[in-house]
1. So which residues in region 44-60 are in contact with a Phe, Trp or Tyr (Cβ under 7 Å, 6 or more places away or on another chain), of a type in the set (A, V, I, L, M) and open to solvent by 50 Å² or more (accessible area, probe 1.4 Å)?
2. Step by step: first the residues of region 61-87, then only those that are free of Cβ contacts under 8 Å to residues at least 60 places away in the same chain, among the hydroxyl-bearing types (Ser, Thr, Tyr) and buried (at least 17 other Cβ atoms within 10 Å of the Cβ), then the one that is nearest to Met37 (Cα to Cα). Which residue is that?
3. Can you find a residue that is more than 18 Å from Val94 (Cβ to Cβ), aromatic (Phe, Trp, Tyr) and at pLDDT below 85 anywhere in region 134-151?
4. Just to verify a result, which residue in region 1-42, among those that are open to solvent by 80 Å² or more (accessible area, probe 1.4 Å) and closer than 23 Å to His149 by Cβ, is modelled with the lowest pLDDT?
5. Hand me the list of helices (runs of 4 or more DSSP H) wholly inside region 88-179 holding 1 or more residues that are open to solvent by less than 50 Å² (accessible area, probe 1.4 Å) and out of contact with any Phe, Trp or Tyr (no Cβ under 6 Å at 6 or more places or on another chain).
6. I'm trying to understand the selection: among the residues of region 66-80, which are out of contact with any Pro (no Cβ under 9 Å at 6 or more places or on another chain) and polar (S, T, N, Q)?
7. Quick one: would you say Ile16 is aliphatic (A, V, I, L, M) and either in a loop (DSSP other than H, G, I, E, B) or more than 24 Å from Asn142 (Cβ to Cβ) (or both)?
8. Those residues that are closer than 15 Å to Thr21 by Cβ and within 14 Å of the chain's Cα centre (by Cα), I need them from region 32-72; list them, please.
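The values are calculated or read from the model by the stated rules, or taken from the named source; none is laboratory data. Keep in mind it's a predicted model, so treat the numbers as computed, not measured. Here Cβ is always computed from backbone atoms with ideal geometry, including for glycine, and neighbour counts include all displayed protein chains. Note: areas computed on protein heavy atoms with side chains; ligands, DNA, RNA excluded. Shrake-Rupley method; radii C 1.70, N 1.55, O 1.52, S 1.80 Å.
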Amino acid sequence: MFEALYDAARTGGGGIPSYPTGDGAISFWAGGRLPFMATFTTNIGGVSKTIRAVVIHAKSGSSTTEDYNRRVYDLRVLKDSLDAYYAGDNLVIVGDYNDDIITSNYNGLPSPYKPFYDDAANYSTITSAFSVAGKVSYVGANPSMIDHHMLSNEMAVFYVANSAGVEDPRNYISSFTST
């Protein structure tokens, strides 16, 4: 996603308007780790469905306002684009969000994913319960839940309740964080 926009900005053929920090051409979506959309056609019991999987690896870092603002901008562009071009589609949005989905891991500010979380009519943040329960997917210096899954409302009807899980290897590998 956004390949033409990114390439045009990077080669001087256009800009990324109002990017919050630095050169949008360099900084947009973690310096070019653009969301990837794969489109699949499934056939289950003779019923054909198109599913779009969006895989993201958002801007990492939770130590600066710049990191946070870049995630906020990038996620706003993603949500606006999904809403404009893929409304009504079966969407799965997965990946390394590099921030929590309810409250940001940067100074407790609102999450860059809050627009998705707040839009319960169109998106289901199926792993947000892990954040509420204090589960983590990153066990480093600031353990937090930074890897998530979201579904469009069209896809959420196929989600099997309580089928998502998170494994914490610290529960059975005593030296996990030091080796």
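1. Listed by number, the list holds a single entry, Val55.
2. The extreme case among them is Tyr73.
3. no
4. Per the stated criteria, the residue is Arg33.
5. In region 88-179, the matching helices (runs of 4 or more DSSP H) lie at 128-132, 153-156.
6. Of everything in region 66-80, nothing turns out to be out of contact with any Pro (no Cβ under 9 Å at 6 or more places or on another chain) and polar (S, T, N, Q).
7. yes
8. Ala58, Lys59, Ser60, Tyr68, Arg70, Arg71, Val72
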